[in-house]
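Below: one structure, written as structure tokens.
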Amino acid sequence: MTRATESRADITATVLALAAEATELQTRAAELRQSLVNVDERMSAISATLRRLSPVES
């Protein structure tokens, strides 16, 4: 292989590796967003339960 061909192959390999990593990061970010939604829903449910159980002070 010539130096130019090797360089092109290196660039191609790097681009493919970065694209794969970007895909993994996007998937993980979506999982984390869903986890935050789940935590928010649980917090809302717990808050509602605590409001019902707590005596109202005037």
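The values are calculated or read from the model by the stated rules, or taken from the named source; none is laboratory data. Source: prediction; values computed, not measured. Cβ: placed from backbone, ideal geometry, glycine included. Neighbour counts: every protein chain shown. To get the accessible areas, we keep the full protein, side chains included, count just its heavy atoms, and leave off ligands, DNA and RNA. Shrake-Rupley method; radii C 1.70, N 1.55, O 1.52, S 1.80 Å.
With all protein chains kept in place, the per residue accessible area of the chain amounts to 94 square angstrom at a probe of 1.4 angstrom. Once the Cα atoms are used to define both axes, helix 3-53 deviates from the longest principal axis of the chain by about 0 degrees. Put a dot 7 Å past the Cα of SER54, heading toward its Cβ, do the same for ASN38, and the two dots end up 2.7 nm apart. Ellipsoid semi-axes for the chain, based on the Cα gyration tensor and the rule √(5λ), read 55, 7, 4 Å when sorted largest first.
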